[in-house]
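Colleague: Provided herewith is a single structure, encoded as structure tokens, for subsequent inquiry.
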């Protein structure tokens with residue numbers, strides 16, 4: 001609908017503790033092996049698709065939304081500490097990713113440059129949930 005707003009919340013698969021958990025176990029935080037049993041519906045194993053903020057932005061842009069914003073509910077202390085300690089390495093990783101994307105496809109780089117750097121901001125690195133707000137032009 002033109003002029004509408006969309007607000008939704010999902011578990012943040014990009015907080016640093018979740019990234020490390022994925023590195024060592026293959027499953028992001030809150031996205032363990034899913035269960036198809038009815039008795040497990042709504043439990044932690046009910047989260048089945050760990051999409052990142054960039055994927056949500058992509059879908060919202062394709063659907064005509066603009067002014068897409070990331071908000072947090074609360075910060076996870078463990079991720080906050082890890083983020084602060086790891087920040088120099090995360091910055092280097094973002095810089096390398098930015099440089100490689102620019103060389104590989106300048107057009108995609110221009111479209112997504114802000115997202116490449118956004119995923120290593122403290123609110124994304126430490127928030128428990130992604131609260132995404134998007135607006136559709138009138």
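The values are calculated or read from the model by the stated rules, or taken from the named source; none is laboratory data. Not measured: the values here are computed from a predicted model. We place every Cβ from the backbone using ideal geometry, glycine too, and count neighbours over all the protein chains shown.
Colleague: Just wondering, is there one or more residues in segment 69-77 that are in a helix (DSSP H, G or I), out of contact with any helix residue (DSSP H, G or I) (no Cβ under 6 Å at 6 or more places or on another chain) and more than 30 Å from residue 135 (Cα to Cα)?
Modeller: yes
Colleague: Just give me the residues in segment 29-67 being over 18 Å from residue 18 (Cβ atoms), part of a helix (DSSP H, G or I) and modelled with pLDDT of 90 or more, in sequence order.
Modeller: 57, 58, 59, 60, 61, 62
Every residue, every condition in (1) out of contact with any helix residue (DSSP H, G or I) (no Cβ under 9 Å at 6 or more places or on another chain); (2) assigned to a strand (DSSP E or B); (3) at pLDDT 90 or above, yes or no:
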site	(1), (2), (3)
92	yes, no, yes
97	no, no, yes
102	no, no, yes
108	no, no, yes
111	no, no, yes
116	no, no, no
124	no, no, yes
132	no, yes, yes
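Colleague: Would you say residue 125 is under 22 Å from residue 60 (Cα atoms) and over 17 Å from the mean Cα position of the chain (by Cα)?
Modeller: It is false that residue 125 is under 22 Å from residue 60 (Cα atoms) and over 17 Å from the mean Cα position of the chain (by Cα).
Colleague: Okay, moving on. Kindly list the number of the only condition in (1) in contact with a helix residue (DSSP H, G or I) (Cβ under 9 Å, 6 or more places away or on another chain); (2) surrounded by 11 or more Cβ atoms within 10 Å (Cβ to Cβ) that fails for residue 47.
Modeller: With respect to (1) in contact with a helix residue (DSSP H, G or I) (Cβ under 9 Å, 6 or more places away or on another chain); (2) surrounded by 11 or more Cβ atoms within 10 Å (Cβ to Cβ), residue 47 is out only on (1).
Colleague: All but one of (1) over 17 Å from residue 18 (Cα atoms); (2) under 15 Å from the mean Cα position of the chain (by Cα) hold for residue 120; which doesn't?
Modeller: (1)
Colleague: Quick check, is residue 80 farther than 20 Å from residue 6 by Cβ, modelled with pLDDT of 90 or more, buried (at least 16 other Cβ atoms within 10 Å of the Cβ) and in contact with a helix residue (DSSP H, G or I) (Cβ under 8 Å, 6 or more places away or on another chain)? Quick ask: steps written out before the conclusion?
Modeller: Working: farther than 20 Å from residue 6 by Cβ: yes; modelled with pLDDT of 90 or more: no; buried (at least 16 other Cβ atoms within 10 Å of the Cβ): yes; in contact with a helix residue (DSSP H, G or I) (Cβ under 8 Å, 6 or more places away or on another chain): yes.
No: the conditions fail for residue 80.
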